[in-house]
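**Student:** Structure incoming, see below.
Since every read-out is calculated from the coordinates, none of them should be taken as a lab result. Keep in mind that this is a model prediction, so the values were computed, not measured. Please note: Cβ atoms are built from the backbone with ideal geometry, for glycine as well, and neighbour counts cover all protein chains shown.
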Amino acid sequence: MSSELLLVADQHAGTVHFLDPGAGAEVSRLDHVVLAEHAGVLGLGGGRCAFVDDGGGAVLVVDPFRHGAAAGDGVQRIPVAIPGEHLACDPTGRYLAVTTGLGAAWEPWSDLLTVIDRDADGGPRSRRIRTRAGEPGVVVTGGRGEPRVVLRHREPGAIESLPFHAVLEQGVHCPPLRGEILDGFPADGHGDAYDPATGTLYVATGRGLEQVDVNGPEPRTREVLPWIAPGRAYFLRFDPERRLLVAVLREGGGNPREWTSWTNRLWVHDLGSGHTRIAPLNDGLIFRFALTATGVAVASVHPDGDRLTVLDLGVAGVPDSPGATGGAAEPDSPAGLPVRGRWDLPAMDHAPRPGHEPWDDADRRAIAASPSSELVAVTRGGHGELHLVDTAAPGTTWRTIRMEGPLRDGGHLAWISDSTDGPRDTVGR
């Protein structure tokens, strides 16, 4: 079996498929599972991954490499509160936390936080407490003393830190529990990342990249890094190997019905050098991105045509590296992020419509990439198609894999590797 598998979730059809990306063949699958798309997938290392099943009210820890997931082997179910909004783990992958979202409601209503010890005596142990309603973001610290679960609250904004085991040791029936609170935090936080090496929580807000020291019991603010370009960042991700923070800056996001005129830029910050690079992307809807071994893959949706664009990250710490291909930066990417290649994607019949919000009864595209190569997967929502593109060779055509279901909303993708001992990114994506 390949050392990497591609998870393809059709949350509307209630299926999760694991494909061998080289052969394009299905290795195993899970039926009657509704993957919580916003909480995403968390790679735990050693081939294991975790995600929330909104249909069954559980976190599923799956090892598709060593067992037949279809037969129930290699699948661990741990009860959690739903709907799953955010999912995170500590740097070892032992301790997990899940926050709850709106689900089918319009207003915040659930104040439940679930924490999990996967390796507790007698088997996995989970507890739920009442915190504060409002779709909180979450990270789990580790590596420096007692692990803590850190919540990012909105409206009003705050950062809250609780000892992990204090939550785990609470009784049943969801008792209320509050931790150390940093008030006065921006209320528009959206997007979290955690660096275990420095104990820093990063949060994307309208004013910039917020940095919070979460090493100790009391969260403490650090300096705010401005975006240095119009707009604000979404889909913040942390790459621990290259020590990079990556996001998409969106200008015009306050007017969702005018999404066709949204201006997008790729934002890359090198924690080692402190250097920030920015490169323009296509206008329209960009929903997440994917990190390859040497680049960043972005899928954009627009009435004038959908496109997959791959930019070279270059050498870490070298601001203007020409990247893995050795070519010079194109004129439209002057900040040291040269465009490696572009691929026009076939249109979606049920794509977002101009004048309507892009997530209003419309399909979109999910994207994932191999961490060890330049292979990228992107879906064609509503058509049940998965395109596999070798982006190391610009101009090459893609392979199309037909999925069983239509992949409404684009489905969800994640690349799973069995070559790492622990999590790479400790926040579900």
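**Student:** Tell me the relative contact order for the range 116-182 as a rounded percent, counting alpha carbon contacts under 8 Å between residues six or more apart.
**Tutor:** For the range 116-182, the relative contact order is 32 percent.
**Student:** From Cα pairs below 8 angstrom and at least 6 apart in sequence, can you work out the relative contact order of the chain, rounded to a whole percent?
**Tutor:** Here the relative contact order equals 14 percent.
**Student:** In whole Hz, what ³J(HN,Hα) sequence does the range 155-169 give by Karplus (6.51, -1.76, 1.60; θ = phi - 60°), x for Gly and Pro?
**Tutor:** Going residue by residue, I get 6, x, x, 6, 10, 10, 10, 10, x, 4, 6, 5, 6, 5, 8 Hz, with x marking Gly and Pro.
**Student:** Which of (i) 20.4, 60; (ii) 21.6, 64; (iii) 24.8, 104 is the computed Rg and Dmax of the Cα atoms in Å for the structure on display?
**Tutor:** It is the value labelled (i).
**Student:** Note down the relative contact order for the range 207-268 as a percent, whole number, built from C-alpha pairs under 8 angstrom at least six residues apart.
**Tutor:** 24
**Student:** Let me ask something additional. Along Cα→Cβ, 7 Å out, is where each label goes; now give me the distance between the ones at Ala120 and Ala347 in nm to one decimal.
**Tutor:** For Ala120 paired with Ala347, the spin-label model returns 5.4 nm.
**Student:** Which Cα, out of Leu388, Ala414, Val140, lies furthest along the positive dipole direction of the chain (beta carbon charges, K/R +1, D/E -1)?
**Tutor:** Of the options given, the answer is Val140.
**Student:** Exposure proxy check: His350, His269 ranked by fewest other beta carbons within 10 Å?
**Tutor:** Listing His350, His269 from fewest to most nearby Cβ atoms yields His350, His269.
**Student:** Spelling out what I want: for every residue of the range 403-416, take phi, set θ = phi - 60°, compute 6.51 cos²θ - 1.76 cosθ + 1.60 (Karplus), and round to whole Hz; glycine and proline get x.
**Tutor:** With coefficients 6.51, -1.76 and 1.60, one gets 8, 5, x, x, 6, 4, 6, x, x, 9, 10, 7, 9, 10 Hz.
**Student:** Between Arg178 and Ala197, what is 0.36 nm times their sequence separation minus the Cα-Cα distance? Round to one decimal in nm.
**Tutor:** 4.2 nm
**Student:** If you plug each phi of the range 88-94 into the Karplus form 6.51 cos²θ - 1.76 cosθ + 1.60 with θ = phi - 60°, what whole-Hz ³J(HN,Hα) values come out, in order, with x for Gly and Pro?
**Tutor:** Whole-Hz 3J(HN,Hα) from phi for the range 88-94: 8, 9, 7, x, 8, x, 7.
**Student:** Taking amide H atoms as placed 1.01 Å from N in the peptide plane, list the residues 5 or more away in sequence, or in a different chain, whose amide H sits under 5 Å from that of Asn282.
**Tutor:** Correct list: empty.
**Student:** Any idea how far apart Glu251 and Arg66 come out in nm if each label point goes 7 Å out from Cα toward Cβ?
**Tutor:** 5.0
**Student:** When Arg257, Arg402, Arg424 are ordered from fewest to most other Cβ atoms inside 10 Å of their Cβ, what list results?
**Tutor:** Fewest-to-most ranking of Arg257, Arg402, Arg424: Arg402, Arg257, Arg424.
**Student:** Check which residues have an amide H placed less than 5 Å from Gly206's amide H, if you skip close sequence neighbours.
**Tutor:** Here the answer is Asp188, since their amide H atoms fall under 5 Å of that of Gly206.
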